[in-house]
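Notes to accompany the following structure.
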Amino acid sequence: MKPNAAHSLLVLALAAAIAGCTSMPGANTGSSTQPADGAAQLATDKAERLDALYAQYWEEMLELNPLSATYQGDDRYNDRLPNFLSEQYRDRSRAFTQRWLETIQSVGPEGLEGQDLLSYQIFVRDAKNSLESDQYPGWQQPINQFYNFASTAVQLGSGTGAQPFETVEDYDNWRQRASRIPVLFDQAIANSRIGMQTGVVQPRALMEKVIPQLDALIKEDAEETLFWRPIETLPEDFSDAEKQRITAEYRTMIQDELMPAYREMREFIAQEYLPATRESSGMAALPGGEAWYAFNARNSTTTDLTPAQIHQIGLDEVERIHGEIRGVMETVGFEGTMQEFFEFMKTDPQFTFETEEALLVYYRSLEDKVNQKVPELFSLTPRAGFEIRPVEAFRAQSAAGGSYMRPSEDGSRPGIFYVNTYDLPTRSTWDAEDLFLHEAIPGHHFQIALQQELTDLPMFRRFGGETAFTEGWGLYAESLGRDLGLYQDPYSYFGYLQNELWRAIRLVVDTGLHSKGWTREQVIAYMLENSATSETSAISETERYMAIPGQALAYKIGELKIQELRERAERELGADFDIREFHAEVLKDGSVPLEILEGKIERWIDSKKA
């Protein structure tokens with residue numbers, strides 16, 4: 001229920017709304033003395049009551065978490081920015097979550113079925129995890145190179161993020177919200193100083209990357225900053241008086257408020273925080289770090305797997321996939337070591353696109369090819385449209401090779417698969433088919449767009465999600481390539497194996513870093529030795545795992561669980577197994593924790609056998 005500090009306010013209103021729920025008629029639907037039709041009616045009443053409470057919860061969560069509202073496209077709170085790094089906010093968040101958990105549990109799951117039961121299970125599970133996470137002092141190290149609010153603020157204030165800049169009110173909203181940024185920066189510094197006293201500090205290697213990030217944002221002249229972009233694009237229909245007022249206010253805001261805050265942050269990190277950083281790379285070096293990382297692993301994978309178990313799974317998968325790659329080497333007649341084959345795949349000119357247009361044409365041809373085979377594997381597909389677009393030039397240099405943007409809820413914008421054409425020689429042809437399946441069809445577009453179209457679900461499920469399920473489905477989608485008419489070329493099949501290998505390596509190195517004492521250098525060396533990745537990529541990925549421990553475990557664990565459930569269904573149902581029906585069963589309820597996914601697939605298998 002709380003992927004980050006700003007998302008932990010999810011719990012104040014339900015308790016007030018249903019403080020007397022347990023005394024309401026039908027609150028206890030577990031009685032065997034009720035007639036069958038009476039029990040059914042009580043279950044229906046309970047489900048309706050919970051739906052109303054979930055709706056109220058969502059409304060209050062958005063008000064308490066105005067940034068979450070902005071990212072959901074709800075503009076009611078675009079002028080607000082609470083100090084979500086403060087102790088007061090953490091206390092309020094914890095009370096909110098506890099209150100909502102108690103309220104929902106007072107209604108209870110008895111008699112619930114289908115989506116109603118899933119919603120209850122997910123809500124309660126996520127709220128409990130949110131409360132458990134409060135014992136770990138992540139708030140004491142709020143800044144790193146992968147995530148810090150200094151970067152988020154620029155994304156919002158540059159006009160390229162979720163914050164809208166279309167009306168005068170929009171501009172005034174950001175002016176009001178931005179006035180709170182220095183407060184957050186001051187709180188981040190104060191929290192970091194507490195971490196310096198308790199030993200909860202970031203690795204030096206990460207913080208050395210933060211300084212140049214801040215330097216790139218700090219400018220002497222307001223017009224040179226990214227915060228000035230909305231002024232450069234002021235709508236023509238604004239009056240001259242409004243344009244002059246907004247321009248003057250933004251200049252003052254940037255020069256007198258924002259840039260001083262950024263300079264103070266930069267000075268603190270360079271002069272005070274860096275000397276206090278640690279040389280170690282993993283969480284085990286932190287107070288209580290072993291338990292903290294074990295929690296992160298459970299939370300990220302939505303399983304009870306321990307770091308040691310995950311590490312071994314990773315080692316086994318790396319070995320298995322290496323065997324598959326050796327098979328490709330034999331098929332294409334490559335003579336040499338696996339490392340030499342990796343180098344060949346990275347550098348041979350036959351695997352490059354001649355032009356950006358050629359790259360885009362190729363991806364669009366994949367859409368046509370895959371769509372021809374989709375009906376053979378899927379009966380449930382999204383209504384939302386889909387487009388392939390190049391990543392915009394202004395963000396291409398730092399963007400991933402491919403990414404997916406969900407369609408708008410009102411249908412005005414399709415789902416978009418963004419393909420990065422920057423640095424064309426690095427965009428290998430053998431990587432294209434696998435990337436399309438993961439980010440587009442039948443990967444993220446099918447799963448995310450379908451979830452958004454489940455209008456009967458509570459909002460926390462429609463717009464929430466579990467990384468283990470979402471990314472697990474994306475990886476599982478890659479495995480369907482041959483059934484969808486792709487991977488006919490052995491080099492493209494290598495592309496699939498390389499990306500699967502990369503996710504398996506994540507299991508090894510993330511757990512290695514944080515539970516086995518591996519150093520940053522050990523992880524980089526392991527990646528270079530065991531995959532076709534570049535040194536630049538290995539370094540950035542290693543530092544990502546150092547910054548957000550456990551997050552990278554979700555991908556492969558999610559895929560393995562979906563594969564396991566498919567194999568179980570095929571084994572138990574035999575000739576009655578229908579792949580289209582299985583895929584529909586996995587997708588039809590949106591993103592769910594893996595333990596809940598397993599339970600619902602087991603119920604589906606039992607119903608088919610009955």
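Structure above, values below:
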item	result
Under the Karplus curve 6.51 cos²θ - 1.76 cosθ + 1.60, θ = phi - 60°, whole-Hz ³J(HN,Hα) for region 430-447, x wherever Gly or Pro sits	6, 8, 5, 5, 4, 5, 4, 4, 6, 7, 10, 10, x, x, 4, 5, 4, 5
Gain in span if fully extended, Glu572 to Asp240, counting 0.36 nm per residue against the direct Cα distance	112.3 nm
Theoretical FRET efficiency, 1/(1+(r/R0)^6), r = Cβ-Cβ of His322 and Thr247, R0 56 Å, to 0.05	0.40
In order through region 578-595: 3J(HN,Hα) via Karplus (6.51 cos²θ - 1.76 cosθ + 1.60), integer Hz, x for Gly, Pro	10, 4, 5, 5, 4, 4, 4, 5, 5, 8, 5, 10, x, 6, 9, x, 4, 5
Cross-link pairs beyond the 22 Å C-alpha cut-off, checked among Lys516/Lys561; Lys561/Lys588; Lys561/Lys608; Lys556/Lys609	Lys516/Lys561; Lys556/Lys609
Electrostatic dipole magnitude of the chain [Cβ: Lys, Arg +1; Asp, Glu -1; Cα centre; debye, to 20]	1320 debye
Label-point separation, Tyr147 to Glu392 (7 Å along Cα→Cβ), nm	2.3 nm
Segment Phe334-Gln488, length gained on full extension (0.36 nm per residue, minus Cα span)	53.7 nm
Trypsin sites (Lys or Arg not before Pro) restricted to DSSP loop in region 315-407 with at most 16 other C-beta within 10 Å	Arg383
Computed FRET value (nearest 0.05) for Arg180 with Lys516, which takes r as the C-beta separation and R₀ as 51 Å	0.80
Alpha-carbon Debye profile of the chain, log10 I(q)/I(0) at 0.07, 0.12 Å⁻¹	-0.48, -1.47
Karplus (6.51, -1.76, 1.60) ³J(HN,Hα), θ = phi - 60°, over region 502-511, in Hz, Gly and Pro reported as x	4, 6, 5, 4, 4, 4, 5, 7, 5, 5
Sites Asp74 and Glu453, calculated FRET efficiency, Cβ-Cβ separation with R0 22 Å, nearest 0.05	0.75
Label-point separation, Ser412 to Asp348 (7 Å along Cα→Cβ), nm	4.9 nm
Potential lengthening between Glu166 and Ala291 on full extension [0.36 nm per residue; Cα-Cα distance subtracted]	40.3 nm
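The numbers here are math on the coordinates, done by the rules we state, and not lab data. Please read all numbers here as calculations on a predicted model, not as lab measurements. Glycine also receives a Cβ, built like all others from the backbone with ideal geometry; neighbour counts cover every protein chain displayed.
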